[in-house]
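Accompanying notes for the structure given below.
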Amino acid sequence: MKRMSAEHQNSINKSKEKIAKPVLLAVLIAFFALFPLFVRSPYYLHILSLTFIYTVAAVSLRTITISGQFPLAHGAFMGIGAYLSALMAKFWGWLPLLCIPLSALATAVIGMLVGFLFSRLRSLHYAVGSLFFGIGVIYIIYAFPCTGGYTGMMGIPRLFQTADKMTYYYFFLVLALISIVALYRFEFSHIGTILKAIAQSHLVASSVGINEAWYRILVNGVGCFFVGLIGAGYAHYNMAMSPTAFNFMATLWLCMYVLIGGINSFAGPIIGTFFLFLLPEFVRDLQEYSPYFSALLLLIVIFFMPRGLVSLPALLKSYFLKRGEGERISNVSGS
Amino acid sequence: MFLEVKGLTKRFGGLLAVNQLDLTVNKGEIAGLIGPNGAGKTTTFNLITSVLQPTKGRVIFNGEDITYEKSHAIARKGIARTFQLNPLFGDFDVLQNVSTAFYISDTSNLFDMYFNTNKHRRNQKMIMEKSHEIIKMLGLEQVKNVLARNLPHGHQKMLGIARALAAEPQLLLLDEPIAGMNPDEVEAILKAINKIHEQGITVLVIEHNMMMMDICNRVIVMNFGQKIAEGTPQEIRDNEEVQSAYLGGV
Amino acid sequence: MGLLFNTVINSLILSSMYILAALGFAFLFNMLRIFNLAHGAIYMIGGYIGYYFIVELGMNHWLALLLTTLLVAAFGMFLERFLFRRLKGDFNLNIMACVFVAVILQTTVNIIVGDKTMAIPSFAEGVFRTALFSVSYERLVTFAAGLFLLGAIIWFVNKTRIGLQMQAIAQHRDGAILQGIDINRVSAVAFALGCALAAIAGIFLGAYLRLSPYMGDLMLTKVVIIFMLAGAGSITGILITGLILGTLSSVLPVFISGAASDAVIIAIVIIILLIRPQGFFGYQVEM
């Protein structure tokens, strides 16, 4: 009897969730779509554009991790996309809007080559192998004079004719939405299921005929395509960049966005990026101290939300439910 | 000849785990591979399915040399297997465990997937039907939405078989399917193996439990990496060498 | 002749310091499976604390070295007790904790000293001359100190009770716990030792090269390279790969300039990793 009612409750909750999620999503998208109409400050539009860019990078990083590999070169792949597009536009004079998808494709190909090269490495060995690759990419950028080397690259052609932040804001909003939807559909397709199976046991996966090496290479290609895309967009938006934006620390911060948000959930990296990007904005006066706030957030997540910020609603719910139950029990005993 | 293993040898450092093993499996039979612990039975399976590479020897399946094929290619050619340990996708439920194997034969591409074309929907429906069929046949219907790692041991072993069947094999290799089970569960597994056999799938089963022999047509006995006897279950039971391997030899 | 000799001693000094830092990193990974991304930051903070003691407080070099080592070792024990022990070996959480420590240390140094580079005054003045070559006393002293410390560490790991316990845990954690080894105590020692070694390397290289808030990132790369090439679980391997990397990074720049030489080293490392994922002397890590 009790179980029945619990199941019933569950189904009600589920149908509630089914309505609540799309509504929440629609509200969020509407909020960001209407935001520039109310807030004209170029500074906030700039910060939000950057947030969109890094959200895509973090989500695409997480997409690779569902196959059980943890790449530590994602920042470098963003750099590959950015530098390729910038070089094409600057030296060959191609239209930036053409360079961006081209360099995204090139990044995907490089990502698949690296995935092929490292396909026999697993777990920590794969992570460190890709870490070395990322470091190597930065050295290569330093070594070629056309990239500007240590001082960075300047005079990258602008994406649109205008310098108006609002145009770029909408561009990145749309690009981020498209990328996120594409990655979402990818993860919850049969390919995503196969990747998750490989993550759980590559032995079992290949025993039922899954070519695990090929699928791991494929997911590298997909993840790198989107990070290359957004990296290229970043290059033409910023118009100047230096390799330090794509070094190991940058990769590590991408990993932090994913881990803080919650690596087991698709929404995790999105939430993580928004928190880590927007939190320091509340303490903008203390700019040089702002890393402390990010670190503090890390500490809070480590100790109180080991499954990431996405687990916060569930944690709060169970906390209040427990308290509610406690009150009910004390009421009963009181009467 | 359906599956033929010729002179298979695997050396781990100084240890000969499998030594000059010759083995044949005929189409449509249930063959048993028995032997005491450490006789090299699981290593033989790992060599057949390319989880390990042999030091020497050849594996021929349907007249084709598959010794150096990759594991997944061998599975696609029609040899599926279960594992002694770590047999499942633990974070998937029972249905997903079975349907994942079907996805590889799904012909819909990324375009179909993104735009949910008719073809994609049809394929999805077919996969679900086939998965349900297998789950029903093996009696896992009641637990089809339970996460694999939360299943009791008997069901986990059964799910291992279900997942292997989803690869649509001609030859099924079962690695100790009844180890550590209670009599009811053993009976269920034996029945399942018989059902699978009736569908025309050849079975090669490892078991160092002598009980398994009753359902085999033919039994091969290994000890110290070598074949020491071969014959009907009755012959094997009467064989003195086998008896000493089990009783006196250890 | 003089150039050759100086290159050799240069590479030996770099090697010994790389090895010291890499040993500290390896202790933490082999025993606790912590991939200590904060190792570079601790190396850096060691250098700056040493600078503070020597330059600001005007202390004797060796006294400052001792005090810094003790201080950083205590910091390591503090981290183990109040941060890492609570995470119970969860790999992702450990990584986040390491980044937390690194960010805190790096930001603090950035705020206090800013971007400007400085150097610890050298440990010894003057030049040692013979008929064939001349070499500064500083190099000789650094080299001797590195050699002495390496010997001390190897003695500690192989001959003392707690060192042997560390090895036991590295080889088989559960077995060691069943044997009654107090894992918390040994972990605390491993943390103290790991951080102390990084700090020592930081002071010596801070005097030999220069101090900068970003020196830790470079060191972390070198340490990870040495550790991976040696292989998890191997101490001897670290001595050898450390020597190889130290030699390569001081010899290659003679032939290839700047970033290209670093790129060549990384390429070599990747190739070795692909051929032998388990490193030269270690075992494959499954996680």
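Using the Kirkwood formula on the Cα atoms of region C:1-106, what hydrodynamic radius do you get, in angstrom to one decimal? It works out to 15.5 Å. Each Lys and Arg contributes +1 and each Asp and Glu -1, all at the Cβ; summed about the Cα centre of chain B, the dipole is approximately 820 debye. Per residue, region B:84-168 exposes an accessible area of 49 Å² to a 1.4 Å probe, with every protein chain left in place. Buried between A and B is an accessible area of approximately 2200 Å², summed over both sides with a 1.4 Å probe. Projecting label points 7 angstrom from Cα along Cα→Cβ for residue B:217 and residue A:185 puts them 4.9 nm apart.
Less than 5 angstrom separates the built amide H of residue C:136 from those of C:128, all sequence-distant by 5 or more or on a different chain.
In the frame of its principal axes, region A:35-326 has Cα extents of 65, 51, 31 Å, reported largest first. The long axis of helix C:61-79 is offset from the longest Cα principal axis of chain C by roughly 20 degrees. Using the Karplus relation 6.51 cos²θ - 1.76 cosθ + 1.60 with θ = phi - 60°, the per-residue 3J(HN,Hα) values for region C:137-153 come to 4, 4, 5, 4, 5, 4, 4, 5, 5, x, 5, 4, 5, 4, x, 4, 5 Hz, with x marking Gly and Pro.
With semi-axes defined as the square roots of five times the eigenvalues of the C-alpha gyration tensor, the equivalent ellipsoid of chain C measures 30, 23, 19 Å, largest first. May I ask you to list the residues of region C:91-111 whose amide nitrogen lies under 14 Å from a point 7 Å from Cα along the Cα→beta-carbon direction of residue A:296? Counting only backbone N, you get C:104.
Based on protein heavy atoms only, region C:51-136 ends up with 53 Å² per residue of surface accessible to a 1.4 Å probe. Compute the distance from the alpha-carbon center of region A:247-301 to that of region C:213-238, in whole Å. Centre-to-centre (Cα) distance: 27 Å.
Looking at chain A, the accessible area is 46 square angstrom per residue; that uses a 1.4 Å probe and ignores ligands, DNA and RNA. For region A:66-125, the list of trypsin sites (Lys or Arg not before Pro) that fall in a loop by DSSP and count at most 15 other C-beta atoms within 10 angstrom reads A:120.
Each Lys and Arg contributes +1 and each Asp and Glu -1, all at the Cβ; summed about the Cα centre of region C:2-215, the dipole is approximately 360 debye.
Look at the alpha carbon pairs under 8 Å that are at least 6 residues apart: their mean separation over the length of chain A gives a relative contact order of 28 percent.
In order along region A:127-134, phi translates into HN-Hα couplings of 4, 6, x, 5, 4, 5, 4, x Hz, rounded to whole numbers, per the Karplus curve 6.51 cos²θ - 1.76 cosθ + 1.60 with θ = phi - 60° and x for Gly and Pro. The mean count of C-beta atoms from other chains within 10 Å of the C-beta of residues in A:135-148, rounded to a whole number, is 4. When the trypsin sites (Lys or Arg not before Pro) in region C:92-177 are filtered for DSSP coil states and for at most 14 other beta-carbon atoms within 10 Å of their beta-carbon, the remaining sites are C:116. Between the chain alone and the structure with every protein chain in place, find the residues of region A:282-299 that drop at least 30 Å² of accessible area; heavy atoms, 1.4 Å probe. Buried on complex formation: A:288, A:291, A:292, A:295, A:298, A:299.
Would you give the gap between the C-alpha center of region C:16-49 and the C-alpha center of region A:97-148, rounded to a whole Å? For region C:16-49 versus region A:97-148, the Cα centre distance is 27 Å. Counted residue by residue at 0.36 nm each, then reduced by the alpha carbon distance between them, the extension gain from residue C:172 to residue C:184 reaches 2.8 nm.
What's the long-distance tail for region B:84-168, i.e. % of Cα pairs beyond 19 Å? Here the tail beyond 19 Å accounts for 38 percent of pairs.
Taking amide H positions as modeled 1.01 Å from N, with prolines and chain starts lacking one, no residue 5 or more places away or on another chain lies under 5 Å from residue C:235.
Residue by residue through region C:30-38, what is 3J(HN,Hα) from phi via Karplus (6.51 cos²θ - 1.76 cosθ + 1.60, θ = phi - 60°)? Round to whole Hz and write x for glycine and proline. Here the 3J(HN,Hα) series is 4, 7, 10, 6, 9, 8, 6, 6, 8 Hz. The chymotrypsin sites (Phe, Trp or Tyr not before Pro) found in region A:16-117 that occupy coil by DSSP, while having at most 11 further C-beta atoms within 10 Å, are A:92. Nearest 10 degrees, 0 to 90: what angle lies between the long axis of helix B:183-198 and the longest principal axis of chain B (Cα atoms)? In chain B, helix B:183-198 runs at an angle near 80 degrees to the longest axis. Take every Cα pair under 8 Å whose residues are at least 6 apart in sequence, average their separation, divide by the length of chain B, and the relative contact order is 28 percent.
Along each principal axis, taking the top coordinate minus the bottom one, the Cα set of region A:158-202 gives 51, 15, 11 Å in descending order.
Taking the longest Cα principal axis of chain A as reference, the axis of helix A:290-304 is set at about 40 degrees. Along its principal axes, the protein assembly as shown has C-alpha extents of 91, 78, 76 angstrom, given from the largest down. Taking all Cα-Cα distances within chain B, those exceeding 29 Å account for 32%.
Just to confirm my numbers, what's the Cα centroid distance between region B:41-64 and region C:61-86 in Å? Each part's Cα centre sits 54 Å from the other's. In this assembly, the A-C interface accounts for approximately 3600 Å² of buried accessible surface in total, computed with a 1.4 Å probe and without ligands, DNA or RNA.
By DSSP, the beta bridges lying fully in the protein assembly as shown are antiparallel in about 60 percent of cases.
Working from Cα pairs under 8 Å separated by at least six residues, relative contact order for region A:130-228 is 11 percent. Counting, for every residue in B:69-79, the Cβ atoms of other protein chains within 10 Å of its Cβ and taking the mean gives 4. Within the accessible surface of the protein assembly as shown, defined with a 1.4 Å probe on protein heavy atoms only, the carbon and sulfur portion equals 63 percent. A crude spin-label estimate for the pair residue C:7 and residue A:318, with each label 7 Å from Cα along the Cβ direction, gives 6.2 nm.
Near the amide H of residue B:52, within less than 5 Å, lie the amide hydrogens of B:47, all on another chain or at least 5 residues away, with H placed in the peptide plane. Mean residue ellipticity at 222 nm, helices only, chain C: -24500 deg cm²/dmol; runs of at least 4 DSSP H residues each add -39,500 (n - 2.57), and the sum is divided by the number of residues. Projecting the Cα atoms of C:151, C:67, C:16 onto the dipole axis of chain C, where Lys and Arg carry +1 and Asp and Glu carry -1 at the beta carbon, places C:151 farthest toward the positive end.
The values are calculated or read from the model by the stated rules, or taken from the named source; none is laboratory data. Nothing here was measured: the structure is a model prediction, and the numbers come from that model. Don't worry about glycine lacking a Cβ; one is built from the backbone with ideal geometry, like all the others, and counts go over all protein chains shown. Surface accessibility is based on the protein's heavy atoms, side chains included, excluding ligands, DNA and RNA. Shrake-Rupley method; radii C 1.70, N 1.55, O 1.52, S 1.80 Å.
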